[in-house]
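Encoded as structure tokens, the structure appears first; notes follow it.
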Amino acid sequence: MKFKTFSIAFLFIILFRFISYSGEGMWIPMLLEQLNEKEMIDMGMRISAEDIYSINKSSMKDAIVLFGRGCTAEIISNEGLLLTNHHCGFGQIQKHSSVEHDYLTDGFWAMSREEELPNPGLTATMMVGMEEVTVKVLEGVTIEMTTAERNTKIKENALQVIRDFEKDSEYKAAIKPFFKGNAYYMIITRIFKDIRLVGAPPSNIGKFGGDTDNWMWPRHTGDFSIFRIYVGPDGKPAEFAEENVPYKPNYFFPISIKGVEEGDFTFVFGYPARTNEYLPSYAIEMTTEIQNPGKIKLRETRLDIFSKYSNMDPKVRIQYATKHARVSNYWKKMIGESGGIRRMNGIAQKEAFEKEFNEWAISSPAMKKKYGNLLPAMKNTYEEMIPFNTAYDYYREAGLAIELVSFAGKFKKLVELSQDKSADSLLLDSELQKLQKSSATFFKDYFRTIDEEVMTALLRLYDENIDEAFKPAFFTTLYSKYNSDYKAFTQYVFDKSMFKEENKINDFLSGYKQNHYKKIEKDPAYKMYADLVNLYEVRVKPELTSLRNQADSLQRIFMKAQMEMQPGHRFYPDANFTLRV
């Protein structure tokens, strides 16, 4: 499963199983020796915490990378060979595929280094080290600040810490919040930019079970693909070049074919994004019972249309393979998330804990003053958030899911630059070049008939499920001129828009003059995009941002309160949070 929304924060998941005991936790690599090593050894681990994470010698962390934007990959040879999931390499496999060379169906194996395929834009990010920077990031933050003021100050502090580090370093840095902003860690990274495809099994192996098996356990698929990291002749990360050489890692994972036995200690080291273990019942109910069903329906509608045409034409199947995989990944994840919460009575369990918490919170006048109104405030905040979250979901999953509309939206910056009479001509030229590249990429994997049918279907769902206050302005045209005929409105947009044809876009861009932005603004697809963005920026974003900030603030207090309530939990030094294991 691919994590679309991720943090570069390098976390450690421990999974262990004995015949009579099981448990799990999410631990931080740099604190393993201090907090977790003894427990892990007691469970059966036969290596040390320093073998996993060390800044003084090579360790496992030197063989684990963030692959692309949200997957984990492992270095498995002394020449930079990378092992990752098939679905993580799926986009690259698809880009190299054609009807004549269908690597998705047939698989791909490079028989020599020269046959390994480059992937522009693909990166592998390796963690060099971690540093807690909570004190620096929270410097000057006071309890009197509003959430917006607090966030601004934290952002300023974090950027300064990053600038101070990067000015004298070859590495990059990112600062990420942990435990709802009660602690901050700087993640120091090395980013490799020349990643080449080496091998992948055919999809009937790599994607065996398809959407049905995705996010399920156990899996019965050969879910792997193989890449290689290349670096410059000096051994440092570099953009693709013929003279680049395979990367020589400080550490790589040897491959064992011994298998595992029941009771073996097992851990997984990678990039799991984040955990929402401490969310209240109100947030979980909003996600699983209100937001997920709507988004599942929207994605299922698109997937059915993708499949209908992909099954009819091998070219379309290749064009839409990555799109189908991306849409279906979180479609299945949301189905499982909502189903799992219901099956495990997750909301009821949260409510039971919250009842216990509330009894504790009002157990004395002092406690009641501190925490007595906390849960009612959280409940009210999440209830107020529901219509704005729903509006945001349809803005993203219905409006911007129309490919023609989202592609037209890429021209927004060109419009803004062109409206500025003093705009630098070099900036305009640069933007035109970017759009020409973007156009080639878009039309390579675009099938108009699919997009037309998707637009008609999504407009209907948008209209049927969203309150009038949260509908973009183009619905007025749909009602007045097209009598709510979604297909007729779709036909009008596609007939009149220049964004549907590659030749028209290329001619427009090649002959572009600064005053031509008016043609973009009048285009019906761009007007749909502008209406969507205007609705979001004016009606949705301000309220949603305010409510989310409020929820985050309450969540920080809730976690601090749980720390007081349950002093037996594991504590981290100098930070107001706990970690369950």
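The values are calculated or read from the model by the stated rules, or taken from the named source; none is laboratory data. All values derive from a computational prediction rather than experimental measurement. FYI the Cβ positions are ideal-geometry reconstructions off the backbone, even for glycines, and counts take in every protein chain you see. Calculation scope for accessible area: heavy atoms of the full protein, side chains included, ligands and nucleic acids excluded. Shrake-Rupley method; radii C 1.70, N 1.55, O 1.52, S 1.80 Å.
So what J values fall out for region 465-470 if you push phi through Karplus, 6.51 cos²θ - 1.76 cosθ + 1.60 with θ = phi - 60°, rounded to Hz, Gly and Pro as x?
Computed from phi, the couplings for region 465-470 are 10, 10, 4, 3, 5, 10 Hz.
Using the 2.2 N^0.38 Å rule of thumb for compact globular proteins, work out how region 352-395 stacks up: its C-alpha Rg over that value, please.
Its radius of gyration relative to the 2.2 N^0.38 Å reference: 1.57.
Return the Rg/Rh ratio of region 274-337 with Cα-based radii and a Kirkwood Rh. All intermediate terms of the calculation are to be shown ahead of the outcome.
On the way: Rg = 15.0 Å, Rh = 13.2 Å.
Value, to two decimals: 1.14.
How do the peptides 32-40, 440-448 rank, highest first, by the average count of neighbouring beta carbon atoms within 10 Å per residue? Don't skip to the answer; put the middle values down first.
Working: 32-40: 16.8, 440-448: 15.0.
Highest to lowest by the protection proxy: 32-40, 440-448.
Kindly identify region 383-456 as rounded, prolate or oblate by the Cα gyration tensor criterion: order the square roots of the eigenvalues as a ≥ b ≥ c, call it rounded if a/c is under 1.5, otherwise compare a/b with b/c, prolate if a/b is larger, else oblate.
Values: a/c = 3.52, a/b = 1.42, b/c = 2.48.
Because a/c hits 1.5 or more and a/b fails to exceed b/c, region 383-456 counts as oblate.
What is the percent carbon and sulfur in the accessible area of the chain, measuring with a 1.4 Å probe over the protein chains and ignoring ligands? Working shown, then result.
On the way: 15220 of 29270 Å².
So the carbon and sulfur contribution to the accessible surface is 52 percent.
Compare the peptides 508-520, 282-294 by average per-residue count of other Cβ atoms within 10 angstrom and give them in order, highest first. Walk me through the intermediate numbers first.
On the way: 508-520: 13.9, 282-294: 18.2.
Per-residue mean Cβ counts within 10 Å order the peptides as 282-294, 508-520.
Summing +1 for each Lys or Arg and -1 for each Asp or Glu, what net charge is found among the other residues whose Cβ lies under 15 Å from the Cβ of Trp109?
Details: positive: Arg113, Arg196, Arg228; negative: Asp102, Asp106, Glu114, Glu115, Glu116.
Neighbour charge sum, excluding Trp109 itself: -2.
State the Cα centre-to-centre distance between region 366-433 and region 106-170 in whole Å.
First find each Cα centre; the distance between them is then 22 Å.
Read phi for every residue in region 168-178 and hand back ³J(HN,Hα) as whole Hz from Karplus 6.51 cos²θ - 1.76 cosθ + 1.60, θ = phi - 60°, with x for Gly and Pro.
10, 9, 7, 9, 9, 9, 9, 10, 10, x, 10
What's the percent breakdown of Cα-Cα distances in region 66-131 across 5 Å bins, shortest bin first?
4, 13, 23, 27, 18, 9, 4, 2, 1, 0
Take the alpha carbon atoms of region 470-489, find their center, do the same for region 335-365, and report the distance between the two centers in whole angstrom.
Between the Cα centres of region 470-489 and region 335-365 lies a distance of 43 Å.
If packing is taken as the average count of other Cβ atoms within 10 Å, what order do 191-202, 467-478, 488-499 fall into, highest mean first? Please report the intermediate quantities before stating the final value.
Details: 191-202: 21.4, 467-478: 15.7, 488-499: 18.5.
Peptide ranking by packing, descending: 191-202, 488-499, 467-478.
Between beta-carbons, use under 12 Å as the cut-off and find the net charge around Ala49, counting Lys and Arg +1, Asp and Glu -1. Could the numbers behind the result be given before it?
Working: positive: Lys38, Lys61; negative: Glu33, Glu37, Glu39, Glu50, Asp51.
Net charge in that neighbourhood comes out at -3.
Between Val231 and residues 5 or more places away or on another chain, which pairs have amide H atoms under 5 Å apart, with H built 1.01 Å from N, and which residues are they?
For Val231, the qualifying residues are Val245, Tyr247.
Using 23 Å as the Cα-Cα cut-off, could you pick out the over-long pairs in Lys172/Lys437; Lys444/Lys541; Lys95/Lys437? Walk me through the numbers before you get to the answer.
On the way: Lys172/Lys437 27 Å; Lys444/Lys541 33 Å; Lys95/Lys437 15 Å.
In this structure, Lys172/Lys437; Lys444/Lys541 lie more than 23 Å apart at Cα.
So for region 292-408, what are the equivalent ellipsoid semi-axes in whole Å, largest first, each being the square root of 5 times an eigenvalue of the Cα gyration tensor?
43, 17, 9
Once amide H atoms are placed 1.01 Å from N in the peptide plane, what residues at a sequence separation of 5 or more from Leu138, or on another chain, have their amide H within under 5 Å of its amide H?
none
Let me check I've understood the local charge: for Tyr479, count other residues with C-beta under 14 angstrom from its C-beta, Lys and Arg +1, Asp and Glu -1. What total comes out?
On the way: positive: Arg460, Lys471, Lys481; negative: Asp463, Glu464, Glu468, Asp485, Asp531.
Local charge sum for Tyr479: -2.
Mind checking the per residue accessible area of region 421-524 for me, 1.4 Å probe, whole number of Å²? Each step should come with its number before you reach the end.
Details: 5730 Å² over 104 residues.
For region 421-524, the solvent-accessible area averages 55 Å² per residue.
Could you state the accessible area per residue of region 159-263 in Å², with a 1.4 Å probe and every protein chain left in place?
Values: 5910 Å² over 105 residues.
Per residue, region 159-263 has 56 Å² of solvent-accessible surface.
Excluding same-chain residues fewer than 8 positions from Lys518, which aspartates and glutamates have a Cα within less than 17 Å of its Cα?
Leaving aside aspartates and glutamates fewer than 8 places away in the same chain, those within reach of Lys518 are Glu416, Asp420, Glu431, Asp507, Asp531.
Quick one: work out Rg over Rh on the C-alpha atoms of region 302-363, Rh as Kirkwood radius.
On the way: Rg = 20.9 Å, Rh = 14.7 Å.
My calculation puts Rg/Rh at 1.42.
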